[in-house]
Amino acid sequence: MDLQSLRYPIIQAPMAGGPSTPELAAAVSGAGGLGFLAAGYRTVAELRADIAAVRARTEAPFGVNLFVPGTGPRPEETALETYAERLRPDAERYGVRLGDPVADDDGWAEKLALVAGERVPVVSFVFGLPGREVVEELRRAGALVLVTVTTPAEAVAAWEGGADALVAQGVEAGGHRGGFTDEGDLGLLALLRLVARHTPLPVVGAGGVMDHAGVAAVLAAGAVAAQLGTAFLLCPEAGTSQPYRAALASASATALTRAFTGRLARGLVNRFLAEHSAYAPAAYPQIHRLTAPLRAAARRAGDAEMINLWAGQGFALARDTPAAELVRELGTGHTR
Ligand SMILES: Cc1cc2nc3c(=O)[nH]c(=O)nc-3n(C[C@H](O)[C@H](O)[C@H](O)COP(=O)(O)O)c2cc1C
């Protein structure tokens, strides 16, 4: 599999937490783009079923995205406890207990074995660099290996680490900052040009791309394809919840926050983000675990003010369009 061989230079971003369903990935791949499943937060059994569900719908290539487990410093217990204290009134209002703020590796070894065993055509990584042995094993299993980067230094490290291609994620992007740390804050245009200066690898551009003209801009800046997340959130095949869909249609701004997960992510501004961002420690995935019961309760209640509503800066351009139609609209007529 080679990104140049896609009929359209359009990649549907993996979106952990529900939005990127097998139906969405299959519709995008079937239409000539590249659909992605997100392995993040899924069990191995769920991921296996997701892969089978894509394959039942299309023979076209697709990707799976994995979270590289953290190697960051351990957060101070007292910082976690102070933040938990702050969230307790919200938890009481919903009658739920906050989650245990423990770290885990999201099933790293088992998920790697699964994607290699299943011979998934494209495997992308976010939040870090997989080891060279991992890259080589996946390549032996026939996969194209992509690594997400947010700075030129990360791009060079990924190149040296054996990646086949890079996903350059600009600060405009919805969802978590995908670099090795969450501190990279370059805009997509500057990042694409800097990465091209520092590595010879093919680069996919992600962040704020919402329409045909946006895709043209990313290709003109040297990318081999554009990766779009927010643009697909309103597709009928996406797993985006109803309160999330309604918020996308009515919100006025996005912001970066650690309030929900302890790692910087861009989402629509709501009450939880506005009240807690200034106090959240850098502690991923501990804060993700701590807030999970709150967010689940808010989703059940349809309360968009307490859900993480990940979205990129261009969210107001998102439209409720079937995914295959959107891929054709985004991708038709581009030259690479
Ligand atoms: C709801 C949502 C969930 C996301 N989850 C993931 C993920 O699991 N893995 C990943 O590599 N990127 C994830 N991202 C980031 C995307 O890969 C991509 O960088 C981003 O969507 C591009 O910006 P855009 O949303 O403005 O198109 C997510 C983005 C969104 C909006």
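The values are calculated or read from the model by the stated rules, or taken from the named source; none is laboratory data. Note that the coordinates shown come from a computational prediction; the quantities given were computed from them, not determined experimentally. Positions of Cβ are backbone-derived with ideal geometry, glycine not excepted, and every protein chain shown enters the neighbour counts. Areas reflect the complete protein model, heavy atoms only, side chains present, ligands, DNA and RNA absent. Shrake-Rupley method; radii C 1.70, N 1.55, O 1.52, S 1.80 Å.
Applying the selection to the stretch 1-26, what residues are touching a Ser or Thr at 6+ places or on another chain (Cβ under 8 Å) and of a type in the set (Gly, Ala, Ser)?
Hits for the stretch 1-26 are ALA13, GLY18, ALA26.
For the stretch 219-241, how many residues meet the condition of being of a type outside the set (A, V, I, L, M, F, W, C) and either within 13 Å of the ligand (Cβ to nearest atom) or at pLDDT below 95 (or both)?
Count: 6.
Considering the stretch 63-122 alone, what residues qualify as being within 16 Å of the ligand (Cβ to nearest atom), part of a loop (DSSP other than H, G, I, E, B) and either touching a strand residue (DSSP E or B) at 6+ places or on another chain (Cβ under 8 Å) or among the small types (Gly, Ala, Ser) (or both)?
Once the filter is applied, which keeps residues that are within 16 Å of the ligand (Cβ to nearest atom), part of a loop (DSSP other than H, G, I, E, B) and either touching a strand residue (DSSP E or B) at 6+ places or on another chain (Cβ under 8 Å) or among the small types (Gly, Ala, Ser) (or both), the stretch 63-122 yields VAL68, GLY70, ASP106, GLY107, VAL120.
For the stretch 292-301, state whether one or more residues are open to solvent by 10 Å² or more (accessible area, probe 1.4 Å) and in contact with a strand residue (DSSP E or B) (Cβ under 9 Å, 6 or more places away or on another chain).
No.
Where residues in the stretch 179-202 are open to solvent by 10 Å² or more (accessible area, probe 1.4 Å), part of a helix (DSSP H, G or I) and in contact (Cβ under 8 Å) with a residue 40 or more places away in the chain, which of them is farthest from GLU329 (Cα to Cα)?
Looking at residues that are open to solvent by 10 Å² or more (accessible area, probe 1.4 Å), part of a helix (DSSP H, G or I) and in contact (Cβ under 8 Å) with a residue 40 or more places away in the chain, I get HIS198.
Going through LEU112, LEU98, LEU80 one at a time, which residue ends up being of a type outside the set (Ser, Thr, Tyr), touching a residue at least 60 places away in the same chain (Cβ under 8 Å) and either within 25 Å of ALA165 (Cβ to Cβ) or open to solvent by 20 Å² or more (accessible area, probe 1.4 Å) (or both)?
LEU98
Which residues, counting only those in the stretch 203-234, are closer than 21 Å to ALA247 by Cβ and assigned to a helix (DSSP H, G or I)?
Selection gives THR230, ALA231, PHE232.
Per-residue answers, yes or no, for (1) touching a strand residue (DSSP E or B) at 6+ places or on another chain (Cβ under 9 Å); (2) within 15 Å of the ligand (Cβ to nearest atom):
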{"residue": "SER29", "(1), (2)": "yes, no"}
{"residue": "GLY33", "(1), (2)": "yes, yes"}
{"residue": "TYR41", "(1), (2)": "yes, yes"}
{"residue": "ARG48", "(1), (2)": "no, no"}
{"residue": "GLU59", "(1), (2)": "no, no"}
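Find all pairs meeting these conditions: Cβ atoms under 6 angstrom apart; at least six residues apart or on different chains; first residue within the stretch 123-135 and free of Cβ contacts under 8 Å to residues at least 12 places away in the same chain; second residue more than 14 Å from the ligand (Cβ to nearest atom).
none
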